[in-house]
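K.L.:
If you scroll down you'll find the structure; I have some questions about it.
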Number of protein chains: 2
Amino acid sequence: MKKLINAPETVVADALAGLAAAHPDLVSVDTANKVVTRAGGAVAGKVGLVSGGGSGHEPLHGGYVGYGMLDAACAGEVFTSPVPGQVHAATKAVSGGAGVLHIIKNYTGDVLNFRMAAEDAADDGIETAEVVVNDDVAVQDSLYTAGRRGVGATVFVEKIAGALAERGAPLGEVARVAREVNERSRSFGVALTSCTVPAAGQPTFDLADDEIELGIGIHGEPGRTRAPLAPAREIVETALDAIAADQPLAGDLLVMVNGMGGTPLMDLYGAFGAVSASIARRGARIARNLVGNYITSLEMQGFSVTVCQLTDELTQLWDAPVQTAGLRWGR
Amino acid sequence: MKKLINAPETVVADALAGLAAAHPDLVSVDTANKVVTRAGGAVAGKVGLVSGGGSGHEPLHGGYVGYGMLDAACAGEVFTSPVPGQVHAATKAVSGGAGVLHIIKNYTGDVLNFRMAAEDAADDGIETAEVVVNDDVAVQDSLYTAGRRGVGATVFVEKIAGALAERGAPLGEVARVAREVNERSRSFGVALTSCTVPAAGQPTFDLADDEIELGIGIHGEPGRTRAPLAPAREIVETALDAIAADQPLAGDLLVMVNGMGGTPLMDLYGAFGAVSASIARRGARIARNLVGNYITSLEMQGFSVTVCQLTDELTQLWDAPVQTAGLRWGR
């Protein structure tokens with residue numbers, strides 16, 4: 001295993017220390033609990049937003065802590081759910097008296113552990129609500145999931161719900177918009193290569209030199225099928241067909257072309273060009289977009305497409321200022 | 001070769017089409033010349049900034065076109081200098097009557113071709129000045145370079161000179177600050193893996209499974225030496241020692257920990273933590289930083305460290321608003 005790390009046991013702690021050192025204006029890190037919180041702590045009267053999950057998907061989630069997005073992120077071990085104690089600590093840390101929203105990617109361990117933490121928070125008198133993100137159209141159930149996996153839409157949910165919370169909306173409203181974003185979003189991912197979890201020391205799966213995996217999950221879980229390598233525009237078409245079969249590609253869309261961590265940005269822009277042309281042919285419009293590494297799988301090569309059907313409200317919230325390590329604009 | 005592309009011959013055009021589709025508010029693309037220009041074209045009375053070089057280093061340079069940074073970027077073929085005609089077209093396109101600064105990474109072909117374009121621009125009555133960036137301390141001469149290579153400091157030069165040009169400073173002043181940033185900056189890069197140029201179809205070089213290349217260039221040019229894989233903190237120490245041997249690590253620093261394209265962001269943050277701790281031990285202070293993929297080598301795994309000794313002026317210009325695909329803050 002050839003990695004730029006100190007040791008497999010310290011990768012999460014080392015990454016959090018680096019995040020804290022790089023962005024003291026945005027975040028602070030509770031080292032004991034491996035929780036990233038917004039610099040300055042809980043905001044009185046504001047709904048707190050907590051997310052988290054296995055590490056290895058950076059900038060998700062720690063890179064989305066800051067003004068206009070998350071209040072805290074819980075970092076599990078690589079590709080491993082955070083434990084309830086982490087989520088409980090994060091929930092307490094960001095509670096400003098208006099309740100806390102848990103944004104959970106739909107993996108069995110994540111859902112269980114966030115719900116246990118919600119019970120513990122209730123014992124502390126903290127009201128919580130949850131949104132379970134499940135936007136991946138590739139497979140119905142998978143290795144770590146009952147129902148659909150939660151992937152790229154998580155970035156949209158965190159940004160849009162974060163903007164509404166920043167405006168002072170109550171917990172029920174913030175939870176409603178978070179669920180609406182999830183319901184309006186669909187994703188499909190493709191892997192060209194595997195990735196290596198540091199503690200495992202070897203690639204999660206094998207792919208032949210001329211083979212890709214269609215419908216891959218963000219932990220290398222199997223997708224729908226393996227297929228021969230094809231031109232990018234054909235792979236993009238397969239991904240968009242899978243999404244369109246589940247929800248029409250119509251109206252104004254927010255579209256993310258996301259790199260899995262090891263894909264050249266040059267190629268992600270090439271793929272976005274293909275996505276853009278295809279969506280235009282299908283009669284829809286890309287009103288907003290992201291192109292880059294936003295929810296990754298370590299050094300995996302590949303990409304995912306996430307599409308959200310926008311409304312005026314969602315567009316306004318998407319455009320609202322955000323100041324995080326991973327997303328930053330306006331203010 | 002397993003890549004997310006349509007065909008080796010179209011990778012640059014496809015990436016530029018995607019960049020244009022993603023950021024119509026920021027840039028437009030001259031498809032014939034493969035030149036990315038700022039949306040809205042030349043700004044009357046403002047010094048124009050033109051950079052460019054081989055493709056495959058994205059977001060450099062096209063991702064740095066926009067308010068507060070470049071006016072145009074010329075995209076050569078992958079790892080290949082842009083031709084004089086491209087640079088000439090870009091220079092004309094952004095000339096607002098106050099002259100044009102050429103920001104050139106020190107590679108023999110780039111320098112020659114920018115200078116030929118400068119002569120052609122002079123024939124058109126456009127005044128130009130140039131800064132040749134040569135911050136890489138690893139080797140004195142290399143495969144494509146007489147003298148030091150230009151690498152990470154290019155990002156700093158483009159940002160800081162761009163901010164000064166935006167304030168309406170004259171060409172001589174913008175060129176002066178660009179050269180000052182270069183003179184105050186040093187870089188050192190490390191590769192864990194090679195990368196594959198699409199037109200070549202096979203890795204640029206081979207590295208054994210337990211071996212890294214210290215002092216690598218951004219095209220996979222040989223560095224100083226090959227060494228066994230070591231913990232990240234030791235690799236970081238080697239890089240900082242090389243930089244410190246050339247320019248003291250003292251005072252307030254702008255530090256970039258840059259990914260080569262295929263390195264997990266998690267590991268880049270881990271490396272930044274090590275850089276941060278080491279620089280503190282050496283008695284200097286990281287006043288500003290960047291962590292992420294800013295000047296890449298396709299899907300190469302590895303990283304580089306770039307350090308710039310700040311002054312009050314440079315810090316203010318660094319903090320000035322910027323709106324590009326690759327760097328974006330404040331306004």
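K.L.:
Specify the angular offset, from 0 to 90 degrees and rounded to the nearest 10, of the alpha carbon long axis of helix B:108-123 from the longest principal axis of the alpha carbons in chain B.
P.N.:
Compared with the principal axis, the helix lies near 10 degrees.
K.L.:
Where a ≥ b ≥ c are the square roots of the eigenvalues of the C-alpha gyration tensor, would you call chain B rounded, which needs a/c under 1.5, or, failing that, prolate if a/b is larger than b/c, or oblate?
P.N.:
Oblate.
K.L.:
To the nearest 100 Å², how much accessible surface do chains B and A cover up together, summed over both, with a 1.4 Å probe?
P.N.:
Roughly 4300 Å².
K.L.:
Can you list residues whose amide H is under 5 Å from A:L49's amide H, if they're 5+ apart or on another chain and H is modeled 1.01 Å from N?
P.N.:
Excluding prolines and chain starts, which carry no amide H, the hits are A:D71, A:A72, A:L101.
K.L.:
With r as the distance between the Cβ atoms of B:T315 and A:D210 and R0 = 60 Å, compute the FRET efficiency 1/(1 + (r/R0)^6) and round to 0.05.
P.N.:
It comes out at approximately 0.75.
K.L.:
For the pair B:A287/B:Q140, report the inter-label distance in nm, with labels modelled 7 Å from Cα in the Cβ direction.
P.N.:
3.3
K.L.:
Spin-label point model (7 Å from Cα, Cβ direction): what's the B:E234 to A:A199 distance in nm?
P.N.:
It works out to 2.5 nm between the two label points.
K.L.:
Short version: which residues of region B:177-220 lose at least 10 Å² of accessible area, all chains versus chain alone, 1.4 Å probe?
P.N.:
The answer is B:L192, B:D209 - residues whose exposure falls by at least 10 Å² when every protein chain is included.
K.L.:
List the residues of region A:10-45 for which accessible area in the full set of protein chains is at least 10 Å² lower than for the chain on its own; 1.4 Å probe, protein heavy atoms only.
P.N.:
Buried by the other chains: A:V11, A:D14, A:A15, A:G18, A:L19, A:A21, A:A22, A:H23.
K.L.:
Taking chain B as a Gaussian network, where each spring joins two C-alpha atoms under 10 Å apart, which residue of B:P82, B:P59, B:P264 fluctuates the most?
P.N.:
B:P264
K.L.:
I need the peptides A:279-287, A:61-69 ranked by packing, meaning the mean over residues of other C-beta atoms within 10 angstrom, with the highest value on top.
P.N.:
A:61-69, A:279-287
K.L.:
Next question. Among A:D312, A:D241, A:D30, whose mean-square fluctuation peaks in a Gaussian network model of chain A (Cα, cutoff 10 Å)?
P.N.:
Comparing A:D312, A:D241, A:D30 in a Gaussian network model of chain A, the most mobile one is A:D312.
K.L.:
Okay, next question. I'd like the mean, over residues of B:272-281, of how many other protein chain beta carbons sit within 10 Å of each residue's own Cβ.
P.N.:
What the average comes to for B:272-281 is 4.
K.L.:
As a test of the formula, what do you get for the protein assembly as shown when each DSSP H run with n ≥ 4 contributes -39,500 (n - 2.57) and the sum is divided by the residue count, at 222 nm and rounded to the nearest 500 deg cm²/dmol?
P.N.:
The helix-only estimate for the protein assembly as shown comes to -10000 deg cm²/dmol at 222 nm.
K.L.:
If contacts are Cα pairs under 8 angstrom and at least 6 residues apart, what is the relative contact order of chain A in percent?
P.N.:
18
K.L.:
I would also like to ask the following. If you plug each phi of region A:160-166 into the Karplus form 6.51 cos²θ - 1.76 cosθ + 1.60 with θ = phi - 60°, what whole-Hz ³J(HN,Hα) values come out, in order, with x for Gly and Pro?
P.N.:
Computed from phi, the couplings for region A:160-166 are 6, 5, x, 5, 5, 4, 4 Hz.
K.L.:
For region B:185-310, give the magnitude of the charge dipole about the Cα centre (Cβ charges: +1 Lys/Arg, -1 Asp/Glu; no others), in debye to the nearest 20.
P.N.:
That gives region B:185-310 a dipole magnitude of about 580 debye.
K.L.:
Also, I was wondering about something else. Kindly tabulate the residues in region A:294-313 with an accessible-area decrease of at least 10 Å² between the chain alone and the assembly of all protein chains, using a probe of 1.4 Å.
P.N.:
Residues shielded by partner chains are A:L298, A:E299, A:Q301, A:F303.
K.L.:
Percent of accessible area on region B:81-209 owned by carbon and sulfur, 1.4 Å probe?
P.N.:
Of the solvent-accessible surface of region B:81-209, carbon and sulfur hold 49 percent.
K.L.:
Express the accessible area of region B:185-310 per residue in Å², computed with a 1.4 Å probe while the remaining protein chains stay in the model.
P.N.:
That works out to 31 Å² per residue.
K.L.:
Tally the DSSP beta bridges in the protein assembly as shown and give the antiparallel ones as a percent, rounded to 5.
P.N.:
55
K.L.:
Would you tally the net charge around B:I235, using a Cβ to Cβ cut-off of less than 12 Å, leaving B:I235 out, and scoring K and R as +1, D and E as -1?
P.N.:
Around B:I235, the charge tally is -2.
K.L.:
Moving to a separate point now. Between chain B and chain A, with a rotation axis joining them, whose C-beta in B is nearest that axis, and what is the whole-Å distance?
P.N.:
B:G262, 2
K.L.:
While we're here: When a/c is below 1.5 the answer is rounded, else prolate if a/b is larger than b/c, else oblate, so apply that to region A:185-310 with a ≥ b ≥ c taken from the square roots of the Cα gyration tensor eigenvalues.
P.N.:
Verdict is prolate for region A:185-310.
K.L.:
Provide the net charge surrounding A:F188, with neighbours chosen by a C-beta distance below 10 Å and charges set as Lys +1, Arg +1, Asp -1, Glu -1.
P.N.:
-2
K.L.:
Moving to a separate point now. Charges on Cβ only, +1 for Lys and Arg, -1 for Asp and Glu, centred on the Cα centroid of chain B; of B:V157, B:V111, B:V197, which one is farthest towards the dipole's positive end?
P.N.:
B:V157
K.L.:
With a cut-off of 8 Å between alpha carbons and a minimum separation of six or more residues, what is the relative contact order of region A:185-310 in percent?
P.N.:
35
K.L.:
Taking a point 7 Å out from Cα toward Cβ as the label site, list the nm distances between A:E237 and the same residue in every other copy, smallest first.
P.N.:
Listed shortest first, these distances are 5.5 nm.
K.L.:
So for chain B, taking the charge dipole from beta-carbon charges (+1 Lys/Arg, -1 Asp/Glu), which of B:I235, B:G66, B:G53 sits furthest toward the positive end?
P.N.:
It is B:G66, whose Cα lies furthest towards the positive end.
K.L.:
Tally Lys and Arg at +1 and Asp and Glu at -1 over the other residues with C-beta under 13 Å from the C-beta of B:L19: what net charge comes out?
P.N.:
With Lys, Arg at +1 and Asp, Glu at -1, the net is -3.
K.L.:
Does anyone have the angle between helix A:11-22 and the longest principal axis of chain A? Alpha-carbon axes, 0 to 90°, nearest 10?
P.N.:
Helix A:11-22 sits at roughly 70 degrees to that axis.
K.L.:
What shape does region B:253-331 have by the C-alpha gyration tensor, where a ≥ b ≥ c are the square roots of the eigenvalues, rounded means a/c under 1.5, and otherwise prolate means a/b greater than b/c and oblate the rest?
P.N.:
In terms of gyration-tensor shape, oblate.
K.L.:
Could you work out the percent of alpha carbon pairs in the protein assembly as shown separated by over 47 Å, rounded to a whole number?
P.N.:
Of the Cα pairs, 10 percent sit more than 47 Å apart.
The values are calculated or read from the model by the stated rules, or taken from the named source; none is laboratory data. As the structure is a prediction and not an experimental result, all values here were calculated from the model. Virtual Cβ from ideal backbone geometry, glycine too; neighbours counted across all protein chains shown. With ligands, DNA and RNA removed, areas are computed over all heavy atoms of the protein, side chains included. Shrake-Rupley method; radii C 1.70, N 1.55, O 1.52, S 1.80 Å.
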